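Colleague: Below you'll find the structure I mean.
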Amino acid sequence: MATSLEINGRTVQVEAAPDTPLLWVLRDDVGLTGSKFGCGIGQCGACTVLADGAPVRSCSLPIGALTGVRITTIEGLGGTHPVQEAWVKLDVPQCGYCQSGQILSAVALLASKAQPSEADIDAAMDGHICRCGAYQRIRAAIRDAAAQARA
């Protein structure tokens, strides 16, 4: 069954059942491999993408629920988003496996709150698992990106 999705600003036609998780369509059909498979049940955050600007877990989101929804993946940020620049500046990732999901959640946070409090950061990043333990650098990068937006 053909489904039309808007991914990173372009319309993509995919041949997949409506209950196919978005993650598999992104990786296997569209060739966007920045979103990672972690737990498969929407708990770890490695597969996070943006749906109309809100962070969602693509491993448990069926494509049939995405008609008319703008999907943004890590590739859609282009590598020059202020959050990505802060990540590089502060040398956040170690293995990097979870980072695309972390970055997209941070992007959504800063889009909704330009100057987030520590509690806002905690709430936005809750549920993201980083096995390398880069949490303090992640928080610092979010604060840095918010400061750069102020400047």
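Colleague: Could you run through segment 83-117 and say how many residues are among the β-branched types (Val, Ile, Thr) and either over 17 Å from the mean Cα position of the chain (by Cα) or closer than 26 Å to Leu22 by Cα (or both)?
Modeller: The first filter runs over segment 83-117 and keeps only residues among the β-branched types (Val, Ile, Thr), leaving 83, 88, 92, 103, 107.
Pick out the ones that are also either over 17 Å from the mean Cα position of the chain (by Cα) or closer than 26 Å to Leu22 by Cα (or both) and you get 83, 103, 107.
Of the residues in that region, 3 qualify.
Colleague: Separate question: Just to be sure I understand the filter: pairs with C-beta atoms under 8 Å, separated by 6 or more residues or on different chains, first member in segment 98-119 and in contact (Cβ under 8 Å) with a residue 12 or more places away in the chain, second member aromatic (Phe, Trp, Tyr) and open to solvent by less than 20 Å² (accessible area, probe 1.4 Å). Which pairs pass?
Modeller: Within 8 Å, the pairs are Gln99/Trp87; Ile103/Trp87.
Colleague: Quick check: anything in segment 78-96 open to solvent by 50 Å² or more (accessible area, probe 1.4 Å), of a type in the set (Val, Ile, Thr) and in contact (Cβ under 8 Å) with a residue 24 or more places away in the chain?
Modeller: No, the conditions are met nowhere in segment 78-96.
Colleague: What's the total number of residues in segment 6-51 that are in a loop (DSSP other than H, G, I, E, B), closer than 13 Å to Ile63 by Cβ and open to solvent by less than 40 Å² (accessible area, probe 1.4 Å)? Let's see the steps before the verdict.
Modeller: The first filter runs over segment 6-51 and keeps only residues in a loop (DSSP other than H, G, I, E, B), leaving 8-9, 16-20, 31-47.
Now drop any that are not closer than 13 Å to Ile63 by Cβ, which leaves 16-20.
Okay, now just the ones that are also open to solvent by less than 40 Å² (accessible area, probe 1.4 Å), so 16, 20.
Qualifying residue count, segment 6-51: 2.
Colleague: Against the definition (part of a loop (DSSP other than H, G, I, E, B) and in contact (Cβ under 8 Å) with a residue 12 or more places away in the chain), how does Ala140 come out, yes or no?
Modeller: no
Colleague: In addition: Scan segment 19-56 residue by residue and report those that are without any contact (Cβ under 8 Å) to a residue 40 or more places away in the chain and of a type in the set (Val, Ile, Thr).
Modeller: Correct list: Val25, Val30, Thr33, Ile41, Val56.
Yes/no per residue for (1) open to solvent by 20 Å² or more (accessible area, probe 1.4 Å); (2) within 22 Å of Pro18 (Cα to Cα):
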position	(1), (2)
Ala54	yes, yes
Thr67	yes, yes
Gly76	yes, no
Ala119	yes, no
Ile129	yes, no
Ile138	no, no
Ala141	no, no
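Colleague: From the list Ser112, Ser100, Ser105, which one is under 30 Å from Arg10 (Cα atoms) and either modelled with pLDDT under 95 or open to solvent by 50 Å² or more (accessible area, probe 1.4 Å) (or both)?
Modeller: Ser112
Colleague: Here's something else I'd like to know. So Thr3 fits all but one of (1) modelled with pLDDT of 95 or more; (2) outside any loop (DSSP other than H, G, I, E, B); (3) farther than 23 Å from Gln84 by Cα; what number is the exception?
Modeller: (1)
The values are calculated or read from the model by the stated rules, or taken from the named source; none is laboratory data. No experiment lies behind these values; they were computed from the predicted model shown. Glycine also receives a Cβ, built like all others from the backbone with ideal geometry; neighbour counts cover every protein chain displayed. SASA here: full protein model, heavy atoms, side chains in, ligands and nucleic acids out. Shrake-Rupley method; radii C 1.70, N 1.55, O 1.52, S 1.80 Å.
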